[in-house]
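In what follows, a single structure is set out as structure tokens and then discussed.
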Amino acid sequence: MKNIVVAKFGGTSMGNAQSIRQVAEIINGYDFIVAVVSATSGTTDQLIELGEKALAGENWEESFRELVEKHEKIIKELEIDLDLSPYFENLRKLLQGISLILELSLSAKDRLLTFGERISSQILAKLLNSEAIDAYELIFADNNYSEGNVDFEKTEKAVLARVNPTEKQVITGFVAQSEEGHYITLGRGGSDYTGAIVASALNASELQIWTDVDGILNTDPRIVSDAKVLKQLSFLEAGELTYFGAKVLHPKTIKPAVAKNIPVKILNTFNPSAPGTLIKNDEEVSIKS
Ligand code: ADP
Ligand code: ASP
Ligand code: MG
């Protein structure tokens, strides 16, 4: 089997038409690759706000229009022929339902939040002329809405049956199927986790996490301005860093990669030639953060 690469692109990489073009350019540098995508930047927060407004019986139409227009602008600028209206009609109906009964169950909220990734994956797949796969078909969890616990055995079977790693395919991050057959999400920032779950199921040779910084820094760049990129970290060190709050990697992410000993690279979509941070099973005894 050739080298299978799973590459996750975060919301920062899916921010606007220009950055999505950049993502497509990175993907097109490979003969085949499995891409896992987040929602476009800010979209999950917008969906949460829409749900809150509908639940409170407030006017959500204006914010809804903003969300639609944001995506229509991206599609126009990318010059792709993509009709997202079935998704938006579905989303509108869901919001109408919430505002009618003034109730939002955890399950309905998760369904609401999945629209971001389901839409962004369609956009990227269209641009690449490739297939988008809804992770509802691939990743199986329990009924713990908003933070689904994954059934790895069932998931691995589904991924192996459905994903062809020798093509270019796009998978929705963050999204899974609950035990009772509804949409469920894997927790905020969960697309990193999706990437690791898919990489683990495919026994990938590498998991790439593409974001907006040159790698894992020895401190949060928003707090300390001269933060330095860490070239290499062990799984243990990376796990500790993310556990203690480095937002760059979702804390659970590392686990499926560790279990299969899959190296993880943190890379910058906006500076793709930078070496990034390599996380692998290599104990280095040094204090890095
Ligand atoms: P994405 O949308 O790609 O998932 P995130 O916003 O989740 O991106 O994570 C990337 C951000 O994490 C960076 O822009 C940076 O501001 C922040 N960050 C916090 N701590 C660290 C750290 N130690 N190293 C790198 N980035 C960090
Ligand atoms: N879109 C989701 C979030 O904002 C998941 C992710 O981006 O990783 O939390
Ligand atoms: Mg993230």
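Overview of results
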| quantity | calculated |
| --- | --- |
| Residues of the chain: accessible area per residue with a 1.4 Å probe, Å² | 47 |
| Average Cα contact separation per residue, the stretch 150-289, under 8 Å, 6 or more apart, as relative contact order % | 26 |
| Ratio of Rg to Rh over the stretch 126-251 (Cα coordinates, Kirkwood Rh, two decimals) | 1.01 |
| Kirkwood Rh in Å, taken over all unlike Cα pairs in the stretch 38-189 | 16.0 |
| Cα centroid separation, the stretch 1-51 to the stretch 104-119 (Å) | 19 |
| Amide H within-cut-off set for Lys8, under 5 Å, with H built and near neighbours excluded | Val36, Gln208, Ile209, Trp210 |
| Cα Rg, Dmax (largest Cα-Cα span) when computed across the stretch 194-276, Å | 12.4, 38 |
| Proportion of all alpha-carbon pairs of the stretch 84-153 beyond 21 Å (%) | 38 |
| For the chain: relative contact order, % (alpha-carbon pairs under 8 angstrom, 6 or more apart) | 21 |
| Assigned charges on the beta-carbon of Lys, Arg, Asp, Glu; the chain dipole about Cα centre (debye) | 480 |
| The chain: proportion of alpha-carbon pairs further apart than 35 angstrom, % | 15 |
| Under 23 Å from the Cα of Lys93 - lysines, other chains or at least 8 residues apart | Lys53, Lys70, Lys73, Lys109 |
| Relative packing of peptides 106-115, 191-200 - highest average C-beta neighbours within 10 Å first | 191-200, 106-115 |
| Alpha carbon Rg of the stretch 178-219, scaled by the compact-globule rule 2.2 N^0.38 Å | 1.50 |
| Burial ranking of peptide ranges 83-93, 119-129, 269-279 (average Cβ count within 10 Å, highest at the top) | 119-129, 269-279, 83-93 |
| Listed residues Ala176, Ala17, Ala161, most fluctuating in the chain (Gaussian network, C-alpha, under 10 Å) | Ala161 |
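The values are calculated or read from the model by the stated rules, or taken from the named source; none is laboratory data. Worth saying up front: this structure is predicted, and the values here are computed from it rather than measured. With ideal geometry, Cβ positions are generated from the backbone for all residues, glycine too; neighbour counts draw on all protein chains shown. Surface areas here come from the heavy atoms of the whole protein model, side chains and all, with no ligands, DNA or RNA. Shrake-Rupley method; radii C 1.70, N 1.55, O 1.52, S 1.80 Å.
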